[in-house]
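Please read the structure below before turning to the comments.
The values are calculated or read from the model by the stated rules, or taken from the named source; none is laboratory data. These numbers come from a predicted model, not from an experiment. Don't worry about glycine lacking a Cβ; one is built from the backbone with ideal geometry, like all the others, and counts go over all protein chains shown. The accessibility values were calculated without ligands, DNA or RNA, using every heavy atom of the protein model including side chains. Shrake-Rupley method; radii C 1.70, N 1.55, O 1.52, S 1.80 Å.
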Amino acid sequence: MASEPSYYRAQAALAEAEADGAMLDNVRDRHMRSAQAFNQMAERQEKVAVMRAAREAASGSNAPGAPYPQETTLESHTD
């Protein structure tokens, strides 16, 4: 899947290898910018996964895609 951090890390490594073999400065710079962008995408996906896990843990036993829990109402007491 293209949204996996490992995919983006692999693409960054490939771009860095291409940069190492580039003869022209502008080509090397382009590959290094590409590697940086792929690393940023991987970091973003990792942060999203952490936030999603935290959100799911905070929502209790709700499975992903499950409807929101029913709201409870407080009974009013009159004394």
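Answer yes or no as to whether Ser34 is at pLDDT 95 or above, surrounded by 13 or more Cβ atoms within 10 Å (Cβ to Cβ) and among the hydroxyl-bearing types (Ser, Thr, Tyr). Before the answer, list the steps.
On the way: at pLDDT 95 or above: yes; surrounded by 13 or more Cβ atoms within 10 Å (Cβ to Cβ): yes; among the hydroxyl-bearing types (Ser, Thr, Tyr): yes.
Here the answer is yes, as Ser34 does meet what is asked.
Ser59 is checked against (1) at pLDDT 95 or above; (2) among the hydroxyl-bearing types (Ser, Thr, Tyr); (3) open to solvent by less than 80 Å² (accessible area, probe 1.4 Å) and fails just one. What number does that condition carry?
(1)
Report the residue count in segment 11-31 for those that are exposed (fewer than 13 other Cβ atoms within 10 Å of the Cβ) and in contact with a Ser or Thr (Cβ under 8 Å, 6 or more places away or on another chain).
Final tally of qualifying residues: 0.
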